[in-house]
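First the structure, then my questions, so here it is.
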Amino acid sequence: MEDIMRGRFSRSMITVAVAAAAVSAVLSVSITRTLGQAPAARPARVGGKPNFSGIWQANNEANWDLQAHAALPAAVTQPGIYPYDYARVPAAPVLALGAAGAVPGSLGVVQGDGQIPYKPEALLIKKQNAEHWIDRDPELKCYLPGIPRAMYMPYPFQITQGTDKIHIAYEFSNTARTIHLDKVAGPPDDTWMGHSVGRWDGDTLVVDVLICATHNLLKLFRFGWSPQRA
């Protein structure tokens, strides 16, 4: 009986080993072929204009605030034991987020004096968005982020450029966007990502984003925004 069990066990081990070897061989061939393929040459220009095709990612802290800001232990804070602004602690609703809810410091991405000429009502919206971040930030709910925020979130996106269309596929929330370089009628209603119409000014791509969903844009974390033009 022991010899029979040993024989069955040995045959089982051999079967597993052969199967594992076969899978390993298939994976090795597949990976080798993928790594061995030379990338297609990307033309520097498309239709006489700069070619933006490729993988892009914003490597800055604009997703938390476009302007210069200090690092914070959380996006929403409350007074701690010591009555100083630098000694504030994470507010109870965001405490469970831990380090994921922290805000990294930044010198800002606004050129010049670093200031944004907010209208008083927009500045009020920005303040309210910061105070109610956990309720208003579309990123926390995995909603579409809207424009321009989708361009400076800390996730990669891919641009595929043609002569009359530029398509952008974002990693976050599987978002997609098309910039129309030709005349195309806009959508019949507001959309989360807006309607993007582009034009070339020399080698500079200028994009107007219209018909954005106001309930989305006005809830961008720490920003006030105009629904008419982005």
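Every number in this text was worked out from the coordinates using simple rules, so none of it is lab data. Because the structure is predicted, anything quoted here is derived from the model rather than measured. Positions of Cβ are generated from backbone atoms using ideal geometry, with glycine treated the same way; all protein chains shown enter the neighbour counts.
On a C-alpha basis, how far is the centre of segment 153-188 from the centre of segment 48-126 in Å? Whole number, if you could?
After rounding, the separation between the Cα centres reads 26 Å.
Sticking with this one: Less than 12 Å apart at the alpha-carbon level, and either on another chain or at least 8 residues along: which aspartates and glutamates does that give for residue 183?
164
Moving on to the next point. Using label points projected 7 Å from each Cα along Cα→Cβ, tell me how many nm separate residue 109 and residue 190, to one decimal.
2.4
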